[in-house]
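Reviewing the structure listed below.
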Amino acid sequence: MSVTIIVIISNFALELADIFKPMTMNNFKLFSILVLFPFYLLADGIKSDAPISKPYKDKFMFLINSDPQMGDQFTEKSGLQVLNELLEMFVYETNSRKLKDKPDFVVWNGDLVWDAYQNAFDNFQRIVAKMKIPSVLVHGNHDGYDDDPKFLNLQENISGYRQLNYSFDYGKWHFVVISAQEKYNKDEQKKELLDWLDDDLRKNKDKQTMMFMHYHILPTGLSQMEFYTYFPVSFKNKLLDTITKYQNVKYVFSGHVHIGIKASIKTARTYKGTNFILAPTPVFARPFGEEYPKFDEKGSRYDKMGFYSEVHVNGDEVEIVGRKIYKTQKVKYPKKFKKFDENEDIRAFIPEGQLEYNEKLLNGDFSDGLNHWKSSWRYQKDKKPAFNNYVEDGKSILNYQAPYGSWTTDEYLENYQSVKYIENQLLNIQFTVSDSKHKGSGGYFRVFAYSKAGDLLGILLIHWGTQEYKVRFMPQSWAYNASGDRLGHLWLDQKLKLKEMLSFKINPDFKKVNELDINLSSLFNEFGKSVNVSEINHLTMAYGVWGRVNQRGKKFARSLHVNKIQLNPVDDKSNLIPANVTLNNEPMTKEKELDFSYLYKSEEFKKRTGKRQ
């Protein structure tokens, strides 16, 4: 209806122009304003299900503020106090902009609050209600589960409508908003979302479209985000297919990841014609470990924080600009982004057990580099990369140097290969490891046994390191990569209790080449009754390193050099091995419980770990 009125007004204006040709230009401008302005107000004020709608405005600009994460107005937590201050500053700065720099609206791209308490929503409303421009609210994973009404109540109070998934037109562009997965955990809810999205994009397939969704959907370059996305992976793939189906979605902006401007630009990818961008956030970034120096505020409580983006639209043209609250410095995003190849991180789309496997282990001596070995994409800093994965002097080298960032738990890096399981084989690994000056890093070898259908049957884990009780994300990422689903940070403990996992903690010699021997068939027979060993069809063998992360960039580091990995038939000499698992010919003993994630298990474990060195 708005569009119809605009067309009528435009035709009426042309007729007026013919009638009043004798008038001077200044008089005509004044007359046009007096006569036409009420009609424009009428057209813009028509009630709609959409938050805003100005299809006649070709040139405009809007802001994206992702993850403001408000707490209580009177919080005693210093981190939340800073976020309160940043939001106040952002609103004041936006309202103070001069007319030519004034945005048309702001998109709050999820995680409006730190936790879904009413006082946090009240605090967000208290601050954002001062905005002099419209707000488009996106539901994030921190903003409430299932039928919790607090987000919708806030949305209605701020923007005048109650919708989790909706769309609107502005200029030549169509805009689509979907909520975080926490609002559609049931299968029927997922289907409803996919059906709604497909219908909306199909109806608007001739319109260039931008989309806002809190969760990321492509890999980010950090291992801690591998599982922290849409799940199960089958749903994520359907969502991704829907977004790219009609070729009209040109930009997808996600929050959730907590990212600065430099990493936002470097992680942006084009996939099947759609640009996927992780929008910069006010909250302290995850461990990407770098930012443009022009944004440095060393000594300030706002250092490495306070980022947002401007999106400038002029007809079909789009320009994205990275900004920092209360700073004049800007960084323009490139017009084009690197194309994403699924083979860069194939487990993001296909669970590990369903990948193609080799009939035998290939390139175990690394004479052909890392050919036949796979790995997950990892973010590369410009200087002193955190994740290093290469072959040198015939050795596969994994080196982790902790980058600074929030979420001070862990990151990992690994190589893996899937091979056909053949009974009566001996796995032999020759390797060296480095020690670390700082406690909080380690390494591992893992063997995941899969059925022909790709279901995970059993796990073998060989690991070493310090402060393993602080590891939280790595096991969850292993679970997502193996199953395509979130299984929680205690799933390894459950596997151990069910005897579906065998774990050995070892102490490698830092001064020499270590030799690890594993009699796979004999070891698999030690699984519990729930594991049908006869169903094992193929194995994924992986080796990796992990390390902690912290905001100060403390140098948690770990290196693993693998000289050779080989699978050999069990022969008479194999019988001389004193146990199913030996390190340097010394028998290794199975663990009864895991150190991983102790910090997150119970108060008893927290007390226990507090006494550890």
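Read-outs throughout are calculated quantities, based only on the coordinates presented, and are distinct from any laboratory measurement. Bear in mind that the values here come from a model prediction, so they are computed numbers and not experimental data. Positions of Cβ are generated from backbone atoms using ideal geometry, with glycine treated the same way; all protein chains shown enter the neighbour counts.
For chymotrypsin sites (Phe, Trp or Tyr not before Pro), the sites in segment 48-113 that DSSP calls loop and that have at most 15 other Cβ atoms within 10 Å are Phe74. If you take the Cα centroid of segment 62-139 and the Cα centroid of segment 320-376, the two points sit 33 Å apart.
Its Kirkwood hydrodynamic radius, worked out from the mean inverse distance over all distinct Cα pairs, puts segment 352-610 at 18.8 Å. Between Gly140 and residues 5 or more places away or on another chain, which pairs have amide H atoms under 5 Å apart, with H built 1.01 Å from N, and which residues are they? Sorted by chain and number, the residues that satisfy this are Asp111, Leu112, Ala180.
In the distance distribution for segment 251-407, Cα-Cα pairs more than 27 Å apart total 37 percent.
Taking Cα centre as origin and charging only the Cβ of basic (Lys, Arg, +1) and acidic (Asp, Glu, -1) residues, the dipole magnitude of the chain rounds to 1820 debye. Over the chain, what is the relative contact order in whole percent, taking alpha-carbon pairs under 8 Å and six or more residues apart? Across the chain, relative contact order equals 12 percent.
Spacing of the modelled spin labels on Glu526 and Tyr292, each 7 Å from Cα toward Cβ, amounts to 5.5 nm.
Remark: the Lys100-Val321 segment gains 78.0 nm on full extension, using 0.36 nm per residue and subtracting the alpha carbon distance. Starting from the Cα gyration tensor of segment 60-340, take the square roots of the eigenvalues, sort them a ≥ b ≥ c, and report rounded, prolate or oblate (rounded when a/c is under 1.5, otherwise prolate if a/b is larger than b/c, else oblate). Here segment 60-340 falls in the rounded category.
Quick one: pull the percentage of alpha-carbon pairs in the chain with a separation above 43 Å. Of all Cα-Cα pairs in the chain, 30 percent lie more than 43 Å apart. To the nearest 0.05, how large is the calculated FRET efficiency for Asp435 and Ser534 if R₀ is 35 Å and r is the Cβ-Cβ distance? E(calc), rounded to 0.05, equals 0.25.
Against the empirical curve 2.2 N^0.38 Å, the C-alpha radius of gyration of segment 73-167 lands at a ratio of 1.09.
Sites listed here are trypsin sites (Lys or Arg not before Pro) in segment 174-207 whose DSSP assignment is loop and whose Cβ has at most 10 other Cβ atoms within 10 Å: Lys186. Residue pairs exceeding 32 angstrom between C-alpha atoms, taken from Lys266/Lys505; Lys324/Lys384; Lys381/Lys564; Lys130/Lys294: Lys266/Lys505.
Only Cα pairs under 8 Å and 6+ residues apart enter the sum, and on that basis the relative contact order of segment 93-237 stands at 21 percent. I need the shape label for segment 420-550. Rule: rounded when a/c is under 1.5, else prolate if a/b > b/c, else oblate, with a, b, c from the alpha carbon gyration tensor. Judged from the Cα gyration tensor, segment 420-550 comes out oblate (a/c at least 1.5, b/c at or above a/b). Using θ = phi - 60° in the Karplus curve 6.51 cos²θ - 1.76 cosθ + 1.60, the 3J(HN,Hα) couplings for segment 288-301 round to 7, x, 7, 7, 5, x, 4, 9, 4, 9, 4, x, 8, 6 Hz; x is entered for Gly and Pro.
In order along segment 246-257, the phi-based Karplus estimate (6.51 cos²θ - 1.76 cosθ + 1.60, θ = phi - 60°) of 3J(HN,Hα) comes to 9, 6, 9, 7, 8, 9, 10, 9, 10, x, 6, 6 Hz; Gly and Pro are listed as x.
Note on segment 189-253: Lys pairs 8 or more places apart or on different chains, Cα atoms under 21 Å apart, count 20. Amide H to amide H, with H built 1.01 Å from N, Arg472 comes under 5 Å of Asp410, counting only residues 5 or more places away or on other chains.
A straight chain from Asn428 to Asp365 at 0.36 nm per residue would run longer than the Cα-Cα distance by 21.5 nm. With a cap of 14 neighbouring Cβ atoms within 10 Å, and only residues DSSP puts in a loop, list the GluC sites (Glu not before Pro) found in segment 281-364. When the GluC sites (Glu not before Pro) of segment 281-364 are filtered for loop state and at most 14 Cβ neighbours within 10 Å, Glu297, Glu356, Glu359 remain. Compared with the direct C-alpha span, the chain from Glu356 to Lys245 gains 37.3 nm at full extension, assuming 0.36 nm per residue. Among the listed pairs Lys100/Lys327; Lys77/Lys555; Lys102/Lys338; Lys452/Lys590, those with a Cα-Cα distance over 20 Å are Lys77/Lys555; Lys102/Lys338; Lys452/Lys590. Here the relative contact order of segment 60-340, from alpha carbon pairs under 8 Å that lie six or more residues apart, stands at 19 percent.
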